[in-house]
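The values are calculated or read from the model by the stated rules, or taken from the named source; none is laboratory data. On a predicted model such as this, the values are computed, not experimentally measured, just so you know. For neighbour counting, all protein chains shown are included, and Cβ atoms are generated from backbone atoms with ideal geometry for every residue, glycine included. Areas reflect the complete protein model, heavy atoms only, side chains present, ligands, DNA and RNA absent. Shrake-Rupley method; radii C 1.70, N 1.55, O 1.52, S 1.80 Å.
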Amino acid sequence: MTATTGVLTTATPPPVAPTGQHHGLAIVLFAVIVLVTLGITLWVGRQGSAEDFYTGGRDFTPLQNGFALSGDYLSAASFLGVAGLIALYGYDGVLYSIGFLVAWLVVLMLVAELVRNAGRYTLADVLELRLRRRKVRAAAGGASVVVTLLYLVAQMVGAGSLVALLLGTNSAQARTWTIIAVGALMIVYVTIGGMRATTWIQIVKAFLLIAGSVLLTVLLVMRFHGDLFDLMRQAARHSGAGQRYLEPGLKYGATFTSRLDFFSLGLALVLGTAGLPHILSRFYTVPTARAARRSTMWAIGLVGAFYLMAIALGLGATALVGSAEVRHANSAGNTAVPLLALVLGGGNGSTGGVVLFALISAIAFATILAVVAGLTLASSAAFAHDIWAGAWRARPRRGGEADGKPTEQQEVVVARFAAGGIGAAAIVISLYAQQMNVAFLVGLAFAVAASSNLPVLLYSLFWSRFTARGAVWSVYGGLVPAIVLVFFSSVVSGSKTALFPGVDFHWFPLENPGIVSIPLGFLAGWIGTLTSPEPADADRFAELEVRALTGAGAA
């Protein structure tokens, strides 16, 4: 995570976080965001069944679900992390946004309608339609919990960076208490509100995020009188890297290893979205597969427009703030957009600057709250519906009979307790990852999703010979290598921004394991199927194929 350090070469004083009485405005806006989201949760949060808790009653329109999908996807990694990477690394940072956007084409073409027809609440429901084994459901549920936990860490790290900037401090204590507070809020949202409240929070957040991005982009373009080439020249001048800022290689082009790392990252970003549990679960909130496809098309339009603006904002942060000051405020660049808002509003000490800074910071905070709610819901559903009800409670007893099937009310209660446990785990891990770029952390979550969830999903939908052993091997064959390789990479040890910077036990040269773990996931599923003692059930595959393609019998 090293790069050339930029030098700000402008006569304008570098922006700093608002101080003194100006903190009050931003804190008030943060409080308003929290109160509004809590109000939405209490207003629509009554659930009468597991279907209400997991899917919100399946009565959202394609437009509403498209906004919610984009809200789930446009996380702190998008609003804070991607713009920060562009501010620090220029062209190489732009590549992140391209990977995030292209991934939606994979979702649209391969999984949106089929998953909506074949499943009920989670990814494991799709698998169970043809692979009715407890171990398959347990493997899929466990992988979903791991993926969402990694994603949660990224959002909470972003929250810590944001509030620390708001308070004008780099103190670890401010970031720590912010992470704890966000964790507590996300537990409240899920345990009280379920999917219906989470969806409406996502819709409101997506609207605010797009509106805030449009406002900043318009102000930025006006600042440069519509001359985007001048914007790029100013960005290069204030990047500290000169023309190299606008060319490939500032972060990923120095060595063969760094180029390979970029390819691994791109592979994870493009393939990982189709395996993200909180994205897949959102296809169940609409009444039909056609609505799921239209939701995805709305999401593609919204996400595409946002990333075009994110590129401009990242360049604007470098041009008007400078890479050095962005890095000084947060070493990973996570606060580039709020600093840019301060400059566009009028600069240090100006009322307009403080107001715009506070507004954009509040929108970013709303983004984080909404995404962590969706992630926590997806992970608690995976634990309660797949691991507890589908695998543990369904295990044979000594007499050969299975435990009694839990009621929907029992399952929802377990999901609420699971939300608390997963939230606590995310808080603890986030406290160790505070210096990492949130977009980079999300890249790891995408790699694990693409390695464990995507292979088993595609094999189940399209390969008639796929077996239960192949499914279990596919999940663990991608999940375990991905986690092991990350653990023995410079992400965990051996670098200043590692989880444990004081030790060095890394041997894997890449920061993102996707290039190795994704093929291993597909390979393990193939080998497991070929060596399976039981042949595939042709009737169950035919049932899945008819239901996935036509919607006959879908929930």
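The table for this structure:
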item: Residues satisfying the stated conditions in the range 452-477, i.e. free of Cβ contacts under 8 Å to residues at least 60 places away in the same chain, open to solvent by 10 Å² or more (accessible area, probe 1.4 Å) and touching a helix residue (DSSP H, G or I) at 6+ places or on another chain (Cβ under 6 Å); result: W473, G477
item: Filter result (open to solvent by less than 60 Å² (accessible area, probe 1.4 Å) and modelled with pLDDT of 80 or more) within the range 24-51; result: L29, A31, I33, V34, T37, L38, G39, I40, T41
item: Only listed residue being open to solvent by 50 Å² or more (accessible area, probe 1.4 Å) and either of a type in the set (G, A, S) or modelled with pLDDT of 85 or more (or both), chosen from R237, R282; result: R237
item: Criterion (more than 25 Å from V204 (Cα to Cα) and either of a type in the set (D, E) or free of Cβ contacts under 8 Å to residues at least 60 places away in the same chain (or both)) met by exactly one of D72, D59, D92; result: D92
item: Residue within the range 514-521 that is modelled with pLDDT of 90 or more, in a loop (DSSP other than H, G, I, E, B), under 30 Å from A332 (Cα atoms) and among the hydrophobic types (A, V, I, L, M, F, W, C) present; result: no
item: Among the residues listed as I360, I300, I311, the single one being within 30 Å of R196 (Cβ to Cβ) and open to solvent by 10 Å² or more (accessible area, probe 1.4 Å); result: I300
item: Residue in the range 478-501 that is modelled with pLDDT of 90 or more, polar (S, T, N, Q) and surrounded by fewer than 20 Cβ atoms within 10 Å (Cβ to Cβ) present; result: no
item: Unique residue being more than 31 Å from the chain's Cα centre (by Cα), among the aliphatic types (A, V, I, L, M) and part of a helix (DSSP H, G or I) when the list is A536, A524, A542, A552; result: A542
item: Output for the range 187-234, where each listed residue is open to solvent by 60 Å² or more (accessible area, probe 1.4 Å), assigned to a helix (DSSP H, G or I) and farther than 19 Å from V34 by Cα; result: V214, L215, V218, M222, R223, L228, F229, M232, R233
item: Residues located in the range 240-255, provided they are open to solvent by 50 Å² or more (accessible area, probe 1.4 Å), without any contact (Cβ under 8 Å) to a residue 12 or more places away in the chain and outside any loop (DSSP other than H, G, I, E, B); result: Q243
